[in-house]
1. Evaluate segment 77-93: report whether one residue or more is without any contact (Cβ under 8 Å) to a residue 60 or more places away in the chain and farther than 22 Å from L133 by Cβ.
2. Going by what's in this entry, would S134 be described as loosely packed, with under 14 Cβ neighbours inside 10 Å and modelled with pLDDT of 95 or more?
3. Can you name the residue in segment 41-55 that is closer than 18 Å to I118 by Cα and touching a residue at least 24 places away in the same chain (Cβ under 8 Å) and, of all such residues, is surrounded by the most Cβ atoms within 10 Å (Cβ to Cβ)?
4. Under the condition of being of a type in the set (G, A, S) and under 16 Å from the mean Cα position of the chain (by Cα), which residue from segment 22-40 is surrounded by the most Cβ atoms within 10 Å (Cβ to Cβ)?
5. Could you identify the single residue in I57, I85, I98, I92 that is within 26 Å of P7 (Cβ to Cβ) and over 12 Å from the mean Cα position of the chain (by Cα)?
6. Just to be sure, is V13 within 28 Å of S134 (Cβ to Cβ), surrounded by 16 or more Cβ atoms within 10 Å (Cβ to Cβ) and among the hydrophobic types (A, V, I, L, M, F, W, C)?
7. For the structure I just gave you, tell me whether A59 is of a type outside the set (D, E), touching a residue at least 40 places away in the same chain (Cβ under 8 Å) and under 17 Å from Y127 (Cα atoms).
8. Which one of these does F58 not meet: (1) farther than 19 Å from I92 by Cα; (2) among the aromatic types (F, W, Y); (3) surrounded by 14 or more Cβ atoms within 10 Å (Cβ to Cβ)?
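The values are calculated or read from the model by the stated rules, or taken from the named source; none is laboratory data. Every value quoted in this text rests on a predicted model; they were computed, and no experiment measured them. Backbone-built Cβ (ideal geometry, glycine too); neighbour counts: all protein chains shown.
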Amino acid sequence: MKERNFPINCDLVLAGAMLHDIGRSQSHKLDHGVIGANILKKENMSTELVSIVENHIFAGISKEETSEFNLPFRDFLPNTLEEKIVAYADNISKENDILTSEQVVKRYSRYLEESHPIIQRVKTLHYEIETLLSTPEK
């Protein structure tokens, strides 16, 4: 994406990729994003990095959905390209495998109904990133 002149901070993506699950040191539930963000805030990390860690779960969780997962009532939606890339990469990686978007949806459909807004958001995120990745060079 960088080679195709997309405005992306690769150092931020790398840091987000390395730290997105830091909250798993204290929780293996969906709150690990919030916990990880709090750890980074205490370490005075950038707000951009904190946001990646906080918003990487699924393809984001809206404030209307937070009660399902016992999360604070606010949006946890990836907005920047860096946030979306880390969320996407987290979705498609499982142990030593790279999953297809269809496999990710099937995996998440074990926990959520196919019609759940999160499943639709995952599909949209994957389409967006995969479209950017397949854009021909100019």
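1. Looking for residues that are without any contact (Cβ under 8 Å) to a residue 60 or more places away in the chain and farther than 22 Å from L133 by Cβ, one finds none in segment 77-93, hence no.
2. No.
3. I52
4. The extreme case among them is G33.
5. I98
6. Spelling it out, V13 is indeed within 28 Å of S134 (Cβ to Cβ), surrounded by 16 or more Cβ atoms within 10 Å (Cβ to Cβ) and among the hydrophobic types (A, V, I, L, M, F, W, C).
7. Judged against the criteria, A59 is a match.
8. Going through (1) farther than 19 Å from I92 by Cα; (2) among the aromatic types (F, W, Y); (3) surrounded by 14 or more Cβ atoms within 10 Å (Cβ to Cβ) one by one, F58 breaks only (1).
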